[in-house]
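Laboratory data are not the source of any read-out in this text; all were calculated from the coordinates shown. It should be emphasised that the depicted structure is a prediction, and the values quoted were computed from it without experimental measurement. Here the Cβ positions follow ideal geometry from the backbone for every residue, glycine too, while neighbour counts run over all protein chains shown.
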Amino acid sequence: MEITTYEKQFDDILDGVNNSYPYDNEDYVNYVKMNKARIRRWNKTGKLLPKIEATINKIDQPLKWVLITEPWCGDAAHSHAFIGKLAALNPNITLTIQNRDAEGSEIDNYLTNGGKSIPKLIVRDDNGKDIFDWGPRPAEPQAIVMRHKEDNITSAEDKKKELQVWYNKDKGVSIQEELNELFTKNL
């Protein structure tokens, strides 16, 4: 689906048009509400780094980007806007979005430590051959998540807050630097 179709899902969930699982749970509806605000904020205030703009603008071959995500995913909300902004820079890039939990999702081919962690960005050539994939989050918050898996003391809310603070301080810089490195190395 296109990015606008994906973003419309947020409104459908918040307006009660889509109240199927997991959106029959108020917690998930609240995640969607927060994530819509995060995406809106990053779309408005997120700045692209000049070095990745230059890298993306140099792409002279058709590329297919597939972003696997879900509206309830907080990590995805922080990455979504930057991936969308980057894809919009170059007409050689086609971005499509897959819901992780939808039929036909390719997530089972891109597991992280055996799990369906999202977001996942897969970059393919025009023939559909994978060039690289990235995700589910930049290295530093990934380390935080891994540390939390071993930590039975910190509450779930405190864990989420730590990640949110990290994303707010980082302002999308890490995802851009990691993607710039992958594009520079692989194209």
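The figures follow:
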{"read-out": "Selection from Pro91, Asn25, Leu67, by position along the positive dipole direction of the chain (Cβ)", "value": "Pro91"}
{"read-out": "Taking Phe132, Phe82 and counting other C-beta atoms within 10 Å, the order from fewest to most", "value": "Phe132, Phe82"}
{"read-out": "Cα centre as origin, Lys/Arg/Asp/Glu Cβ charges: the range 105-187 dipole, Debye", "value": "200"}
{"read-out": "Restricting the range 1-92 to trypsin sites (Lys or Arg not before Pro) in coil, as DSSP defines it, with at most 14 other Cβ within 10 Å", "value": "Lys47, Lys58"}
{"read-out": "Longest segment of the chain lacking GluC sites (Glu not before Pro) that sit in a DSSP loop with at most 14 other Cβ atoms within 10 Å", "value": "3-102"}
{"read-out": "Identified option (computed Rg and Dmax of the Cα atoms in Å; candidates [x] 15.6, 46; [y] 16.3, 50; [z] 17.2, 48)", "value": "[y]"}
{"read-out": "Gained length - Asp24 relative to Leu111, 0.36 nm times residue gap less alpha-carbon distance", "value": "28.7 nm"}
{"read-out": "Mean Cβ count within 10 Å, highest first, over the residues of peptides 135-142, 65-72", "value": "65-72, 135-142"}
